[in-house]
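Have a look at the structure that comes next, please.
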C-alpha cells in the first residue's frame, strides 16, 4: 500500500494553512479552490468543527476504477496515485466514487485534483502548526482508514457523534 497523509481530526484547528500551501506549491497561487487538501467546516452547537480531507491513496481505489479515461494512474500498487491532466476530461466520476470525498475539481483547468504527496515531501505536513497531519506508511494496520474517514465525515455532516 502506498504512503498517505493521515489526519488527527481532534487536533486540527481549521486554519486552512494546508490548503494555501498546497495550492501555492502546485499552482503558484494562494487559492484553496486549487488545493488537493480541503478543510470543511461545520458549525454545531455554536462550535466550528474542522475536518481536513485529503486523498487516502486507497490500495483498491474506487476512483481509479470509475475513471472512464484512465486519468488516475499509479506506476505500481505501491506508487502514489496521480492525475494525468492530459487524459482527464473533468467528468467527475472519480469525485463521485471516492468514499471519503477526497478528490476535488480544479475549476480553472476542469480536471481532477488529488494529493500526490508533493513528490514524497508533503508541504502541508511540513507547515501544519497544529501537527495534525502526518505521513504514514500504507500497511495492514492502516488498511481500513478510508472507511473510518468516510464514517467520521458522515457523522460530522449529519450531526451524529
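Scan the range 1-45 for residues that are touching a strand residue (DSSP E or B) at 6+ places or on another chain (Cβ under 6 Å), in a helix (DSSP H, G or I) and farther than 21 Å from residue 134 by Cβ and jot them down.
Hit for the range 1-45 is 34, nothing else.
So, one more: Using the structure shown, decide if residue 100 is buried (at least 18 other Cβ atoms within 10 Å of the Cβ) and over 13 Å from the mean Cα position of the chain (by Cα).
Judged against the criteria, residue 100 is not a match.
Whether any residue in the range 73-82 is modelled with pLDDT of 95 or more, surrounded by 13 or more Cβ atoms within 10 Å (Cβ to Cβ) and part of a loop (DSSP other than H, G, I, E, B) is what I want to check.
no
Confirm whether residue 49 is touching a helix residue (DSSP H, G or I) at 6+ places or on another chain (Cβ under 8 Å), over 21 Å from residue 10 (Cα atoms) and either assigned to a strand (DSSP E or B) or without any contact (Cβ under 8 Å) to a residue 60 or more places away in the chain (or both). Quick ask: steps written out before the conclusion?
Numbers: touching a helix residue (DSSP H, G or I) at 6+ places or on another chain (Cβ under 8 Å): yes; over 21 Å from residue 10 (Cα atoms): no; either assigned to a strand (DSSP E or B) or without any contact (Cβ under 8 Å) to a residue 60 or more places away in the chain (or both): yes.
Taking the combined requirement at face value, the residue does not satisfy it.
Filter the range 1-31 for residues that are surrounded by fewer than 16 Cβ atoms within 10 Å (Cβ to Cβ) and either within 14 Å of the chain's Cα centre (by Cα) or at pLDDT below 90 (or both) and give the result.
Once the filter is applied, which keeps residues that are surrounded by fewer than 16 Cβ atoms within 10 Å (Cβ to Cβ) and either within 14 Å of the chain's Cα centre (by Cα) or at pLDDT below 90 (or both), the range 1-31 yields 8, 9, 10.
Now for a different question. Quick test of your reading of the structure: residue 112 fulfils all but one of (1) surrounded by 21 or more Cβ atoms within 10 Å (Cβ to Cβ); (2) assigned to a loop (DSSP other than H, G, I, E, B). Name the failing condition by number.
The failed condition is (2).
Does residue 153 count as modelled with pLDDT under 90, in contact with a strand residue (DSSP E or B) (Cβ under 9 Å, 6 or more places away or on another chain) and surrounded by 13 or more Cβ atoms within 10 Å (Cβ to Cβ)? Lay out the reasoning, then the answer.
Values: modelled with pLDDT under 90: yes; in contact with a strand residue (DSSP E or B) (Cβ under 9 Å, 6 or more places away or on another chain): yes; surrounded by 13 or more Cβ atoms within 10 Å (Cβ to Cβ): yes.
For residue 153, the condition - modelled with pLDDT under 90, in contact with a strand residue (DSSP E or B) (Cβ under 9 Å, 6 or more places away or on another chain) and surrounded by 13 or more Cβ atoms within 10 Å (Cβ to Cβ) - is met.
The values are calculated or read from the model by the stated rules, or taken from the named source; none is laboratory data. From a predicted model like this one, the values you see are computed outputs, not experimental measurements. Every residue, glycine among them, receives a Cβ derived from its backbone with ideal geometry; neighbour counts consider all protein chains shown.
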